Amino acid sequence: MGVDMTSKKKNIKTENRKITRKAVAAQREKPTIASGKSQKSSSAKRGKNAAASDRTEQTPAEKKRKSAAASKKKTPVSGTSAKTQSAERKKPAGGKSGTVSKKKKTPVAKVIKPQPADRRNPAGKRKSLPRIISSKEEIRKPDEPQPETPENEENLSEMEEELLDVGKKDSLKTYMENISRYPLISVEDEVRLAEMIHSPDQEQKKQAAQTLIQSNLRLVVKIAHDFKGIGLPLMDLISEGNIGLMRSVYKFDPSLGAKFSSYAAWWIKQSMHRALSNQTRTIRIPVQTGAKIRKIRLTREKMTAELGREPLDTELAEELHFSKRTVNMLRHAESSTFSLNDPIKSGENDTFEELIADPNAKSPEKQVSDADSLQRLREAMSLLDEREREVITLRFYQFKTLEQVSVIINRTRERVRQIQNQALAKMRTVMAEEAEVVNS
């Protein structure tokens with residue numbers, strides 16, 4: 001069997017060489033080939049290449065199995081092998097041994113021997129080439145999140161709708177909806193919770209205080225509406241009132257006979273008053289002074305409605321039992337401050353700074369008048385002689401004294417004063433004549 005395989009391989013090699021030689025010779029003789037023949041040859045070549053690739057892809061084990069099956073199918077002839085018998089049949093009639101005449105067979109590709117196994121490629125297997133990703137394919141990293149499924153998209157759309165609904169609601173309405181979940185409590189429950197707050201058990205104390213605070217959150221909102229529009233937003237007033245409510249919970253004593261709402265209202269209002277005094281003004285005013293300012297404002301509004309006019313400081317002092325000086329001082333302190341860079345209207349670029357005139361800036365009329373006067377003065381000076389012009393320049397442009405000018409022009413101080421007065425009289429006469437001409 002081994003001899004048959006080796007002889008077969010030798011025959012295939014010789015046939016391949018002959019075919020290649022004939023093909024090269026045919027190309028040299030006929031360089032141009034008709035289009036129909038070229039198409040046939042190209043298809044035949046593709047078939048050969050496909051067959052060759054099929055053979056090359058076969059592993060050595062598959063080739064051995066195929067050759068063994070082919071040898072079993074052939075039946076041996078007595079005395080001679082199948083190969084010698086077929087050779088005798090194909091000998092010429094003269095009995096002379098010559099070249100064996102064979103029909104042209106389809107050229108078979110050269111069998112490629114498998115490469116020996118190495119460390120990198122064990123068992124001589126072919127290495128798989130990396131797949132080339134086309135430009136149209138999407139390149140995705142392994143850590144990159146997978147695309148959203150329809151379920152995820154539905155969940156996201158639901159979340160977005162909920163957020164939009166919450167955003168549309170006013171913050172105060174949302175807060176009122178949240179605190180409306182806590183039920184109101186009775187007077188007996190207030191007493192019971194106050195006793196639990198003063199108990200030594202910390203956990204019980206904390207739970208009772210939380211229940212009492214949550215049940216009175218609506219009271220804070222009601223009181224905050226009375227302080228609305230004074231200087232703080234309503235939600236800030238509610239936050240400050242909640243701080244006062246939390247302080248009142250730990251100071252409430254039910255044995256004094258007062259309801260918790262009446263007692264907590266004082267702490268809530270005090271907390272709001274302090275927040276208004278500390279946060280609404282650029283210049284902080286003490287809390288007691290702020291309380292006096294509020295009294296003056298309320299009394300002024302009341303007296304304005306009664307009298308039909310603005311009350312005087314004396315009338316306010318008599319009504320409030322304050323001194324006139326105190327009323328006058330607190331009335332000026334009540335005025336609020338604002339920045340010159342603030343816009344006049346929200347959403348506009350005009351600021352208050354543009355409405356206030358600069359006292360140091362000259363008006364256009366003043367600038368024109370000064371320029372005209374300077375021009376007339378220069379014309380009047382041109383009519384003076386050289387010494388008078390020099391004295392006027394030293395005295396009124398360089399601001400020299402009479403003593404300094406006398407040293408410069410080598411004259412006495414009295415003579416310098418006479419020259420100065422003479423030059424000024426000439427200039428006044430010239431400018432008066434020009435004024436009369438202009439007026440006429």
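The values are calculated or read from the model by the stated rules, or taken from the named source; none is laboratory data. From a predicted model like this one, the values you see are computed outputs, not experimental measurements. Please note: Cβ atoms are built from the backbone with ideal geometry, for glycine as well, and neighbour counts cover all protein chains shown.
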When you check VAL416 against the structure, is it out of contact with any strand residue (DSSP E or B) (no Cβ under 8 Å at 6 or more places or on another chain) and surrounded by 15 or more Cβ atoms within 10 Å (Cβ to Cβ), yes or no? yes
Residue within region 306-323 that is touching a residue at least 24 places away in the same chain (Cβ under 8 Å) and of a type outside the set (Phe, Trp, Tyr) present: yes
What is the residue count in region 334-393 for residues that are part of a loop (DSSP other than H, G, I, E, B) and in contact with an Asp or Glu (Cβ under 7 Å, 6 or more places away or on another chain)? 3
Name, by its number, the condition in (1) in contact with a helix residue (DSSP H, G or I) (Cβ under 8 Å, 6 or more places away or on another chain); (2) under 26 Å from ASP253 (Cα atoms); (3) surrounded by 15 or more Cβ atoms within 10 Å (Cβ to Cβ) that does not hold for SER199. (3)
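Any residue at all in region 261-278 that's outside any helix (DSSP H, G or I) and in the same structural domain as ALA194 (by TED's automatic domain parsing)?
Looking for residues that are outside any helix (DSSP H, G or I) and in the same structural domain as ALA194 (by TED's automatic domain parsing), one finds none in region 261-278, hence no.
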Pull out all pairs, ordered by first then second residue, where Cβ-Cβ is under 8 Å, the residues are six or more apart or on different chains, the first lies in region 248-269 and is in contact (Cβ under 8 Å) with a residue 24 or more places away in the chain, and the second is among the hydroxyl-bearing types (Ser, Thr, Tyr) and surrounded by 11 or more Cβ atoms within 10 Å (Cβ to Cβ). PHE252/TYR263; PHE260/SER248; ALA264/SER248; ILE268/SER248
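Rundown of residues vs (1) farther than 30 Å from GLU315 by Cβ; (2) modelled with pLDDT of 90 or more; (3) not β-branched (Val, Ile, Thr), yes/no style:
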| residue | (1), (2), (3) |
| --- | --- |
| LEU212 | yes, yes, yes |
| GLY241 | yes, yes, yes |
| LYS251 | yes, yes, yes |
| ALA258 | yes, no, yes |
| ALA264 | yes, yes, yes |
| GLN288 | no, no, yes |
| ARG294 | no, no, yes |
Could you say which residue among LYS302, LYS269 is out of contact with any Leu (no Cβ under 9 Å at 6 or more places or on another chain), within 15 Å of PHE227 (Cα to Cα) and basic (Lys, Arg)? LYS269
Tell me yes or no: at least one residue of region 250-261 is within 30 Å of ILE293 (Cβ to Cβ) and out of contact with any helix residue (DSSP H, G or I) (no Cβ under 6 Å at 6 or more places or on another chain). yes
Subset tally (residues that are buried (at least 18 other Cβ atoms within 10 Å of the Cβ) and aliphatic (A, V, I, L, M)) for region 222-242: 5
Per the filter on region 341-387, residues modelled with pLDDT of 85 or more, farther than 26 Å from GLN420 by Cβ and among the aliphatic types (A, V, I, L, M) are VAL368
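Each row is one residue, and each column tells you yes or no for (1) hydrophobic (A, V, I, L, M, F, W, C); (2) under 30 Å from MET329 (Cα atoms).
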| residue | (1), (2) |
| --- | --- |
| LYS205 | no, no |
| ASN242 | no, no |
| ASP253 | no, no |
| TRP266 | yes, yes |
| LYS269 | no, yes |
Could you grab the pairs with beta carbons closer than 7 Å, sequence gap of 6+ or different chains, first residue in region 338-360 and over 15 Å from THR282 (Cβ atoms) and free of Cβ contacts under 8 Å to residues at least 12 places away in the same chain, second one among the hydroxyl-bearing types (Ser, Thr, Tyr) and surrounded by 10 or more Cβ atoms within 10 Å (Cβ to Cβ)? PRO343/THR351; ILE344/THR351
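If I ask for residues that are out of contact with any Leu (no Cβ under 6 Å at 6 or more places or on another chain) and touching a residue at least 12 places away in the same chain (Cβ under 8 Å), which ones from region 324-337 would you list?
Within region 324-337, THR326, ASN328, LEU330, ARG331, ALA333, GLU334, SER336, THR337 qualify.
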